[in-house]
Amino acid sequence: MRSGRHGAARPPVGVLIQQDRVDFALFALIIVVALLSMVFTGPGSAVFWLALVPIVATGVLVFRRIEHLSRLELRDADFL
């Protein structure tokens, strides 16, 4: 079994986003550009459906980045 803190409180998501504002701003830009292309092309276009790929991928990347930052924050708190 792994040793360590169980049930440790995670930092708020807003704090984690403030640590990497540039990364999350780029994620938001990717989503906005994909949504704009979806709005201007309409559901009959292949571009509309291909724009779903970066939206889903960016959502996964945001989730993984928040998880990584929270693990780093918890690890740094253990050293205090």
How many of the residues making up segment 28-43 are more than 24 Å from I17 (Cβ to Cβ) and open to solvent by less than 50 Å² (accessible area, probe 1.4 Å)?
3
Among all residue pairs at least 6 apart or on different chains, which show Cβ distances below 8 Å where the first residue, located in segment 48-76, is closer than 24 Å to M38 by Cβ and the second is surrounded by fewer than 12 Cβ atoms within 10 Å (Cβ to Cβ)?
F48/G42; W49/P43
Return the pairs, sorted by first residue and then second, in which the second residue is surrounded by 16 or more Cβ atoms within 10 Å (Cβ to Cβ) and assigned to a helix (DSSP H, G or I), the first residue lies in segment 21-34 and is in contact (Cβ under 8 Å) with a residue 40 or more places away in the chain, the beta carbons are less than 6 Å apart, and the residues are 6+ apart or on different chains.
F24/I17
Can you tell me how many residues in segment 44-77 are open to solvent by less than 70 Å² (accessible area, probe 1.4 Å), over 20 Å from the mean Cα position of the chain (by Cα) and of a type in the set (D, E)?
0
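The values are calculated or read from the model by the stated rules, or taken from the named source; none is laboratory data. Predicted model, so just to flag it, every value in this text is computed and none were measured. Here the Cβ is made from the backbone with ideal geometry for all residues, glycine too, and neighbour counts use every protein chain on show. To get the accessible areas, we keep the full protein, side chains included, count just its heavy atoms, and leave off ligands, DNA and RNA. Shrake-Rupley method; radii C 1.70, N 1.55, O 1.52, S 1.80 Å.
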